[in-house]
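Here is the structure we will look at, set down as structure tokens.
Taken together, the values in this text are just the output of simple stated rules run on the coordinates, not laboratory data. As the structure is a computational prediction, the values presented were derived from the model and not from experiment. Because the Cβ atoms are built from the backbone with ideal geometry, glycine has one as well, and the counts that use them run over all protein chains shown.
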Amino acid sequence: ETVDHMLYPNPGSGMRYKGNIAELELYFVILNNEYGERTEEELLPGGKDMRVTNENVITFIHLVSNHRLNFQIRQQSSHFLRGFQQLIPKECIDMFNEHELQVPMDKHALDVLISGSADSLDIDDLRQNTNYTGGYNAGHYVIDMFWEVLKSFSTENQKKFLKFVTGCSRGPLLGFKYLEPAFCIQRAAGSASNEAVDRLPTSATCMNLLKLPPYQSKEQLETKLMYAISAEAGFDLS
């Protein structure tokens, strides 16, 4: 439909035709209309003598798509890209993914695209896009306490936490679904012994990983986590 709006609506065309496609008298050629001048171009050598059948219709569709989306607009795309890169160097664009570049741009959006969102963090969104390992899962009591504590933090402390685990105090422009790699909480220490829970949470920012001991109370978890993010340490070699 997006490739050829003239061909798509035809009820007797392509894969939607239930009869013998050869009866449609289609050949491996394509009609171009540039500035009112109609020209015929073969999709394959000898295409004007090669009839489209039920057996080769998939090949025909692929060739038409490639012609419309790649070959036909190659020259225009090349000129556009050359001019665009004179305004914005390629290395400045390569840092963004295709989803971020589809956001409508104004001054505020451009600032957010470059620096991330300066608004308060969406903790629910982060929770929905978090993985767990080492014995933790989404329903574990320590995990429930953790999210309650994090949600109770001020915006400033939430940003400190995000910097503690990712190295950046701002969330992704389009949400934590696009954080790479995804945020993960790993159980630190094998048991809930006094020695284990006396440890501070640690992080590995290169993996967006939080190593969280199995604290026994929400108050203990809040105290330890607040101390860790305020000290701005975190990475360890364990």
Quick check: residue separation of F71 and Q128 times 0.36 nm, minus the Cα distance between them. What number comes out in nm? 16.3 nm
Restraint check, K90/K159; K90/K151; K159/K211; K177/K211, Cα-Cα greater than 29 Å: K90/K159; K90/K151
Computed FRET efficiency, Cβ-Cβ of H79 and V29, R0 22 Å: what is it to the nearest 0.05? 0.25
Counting only residues 5 or more apart in sequence or on a different chain, those whose built amide H sits under 5 Å from that of G134 are R187
Go through region 25-36 residue by residue and turn each phi into a ³J(HN,Hα) via Karplus (6.51, -1.76, 1.60, θ = phi - 60°); whole Hz please, and just put x for glycine and proline. 6, 8, 10, 6, 9, 9, 8, 10, 10, 10, 6, x
Mind listing the phi-derived Karplus ³J(HN,Hα) values for region 143-151, rounded to whole Hz, using 6.51, -1.76 and 1.60 with θ = phi - 60°, and x for any glycine or proline? 5, 4, 5, 4, 5, 5, 5, 5, 5
Could you order peptides 83-91, 207-215 by the average number of other Cβ atoms within 10 Å of their residues, highest first? 207-215, 83-91
For region 172-184, in order, what is each residue's ³J(HN,Hα) by Karplus, 6.51 cos²θ - 1.76 cosθ + 1.60 with θ = phi - 60°, in whole Hz (x at glycine and Pro)? x, 4, 9, x, 6, 4, 9, 6, 10, x, 4, 4, 9
Report the local net charge at M50: Lys and Arg +1, Asp and Glu -1, summed over other residues whose C-beta lies under 14 Å from its C-beta. -4
Pop the C-beta distance of S152 and L174 into the FRET formula with R0 = 35 Å and round what comes out to the nearest 0.05. 0.85
Residues whose modelled amide H sits under 5 Å from the amide H of K211, counting only those 5 or more places away in sequence or on another chain, are Q186, T202, S203, A204
Taking H placed 1.01 Å from N in the peptide plane, check which residues at least 5 places from V29 or on another chain put their amide H under 5 Å from its amide H. L43
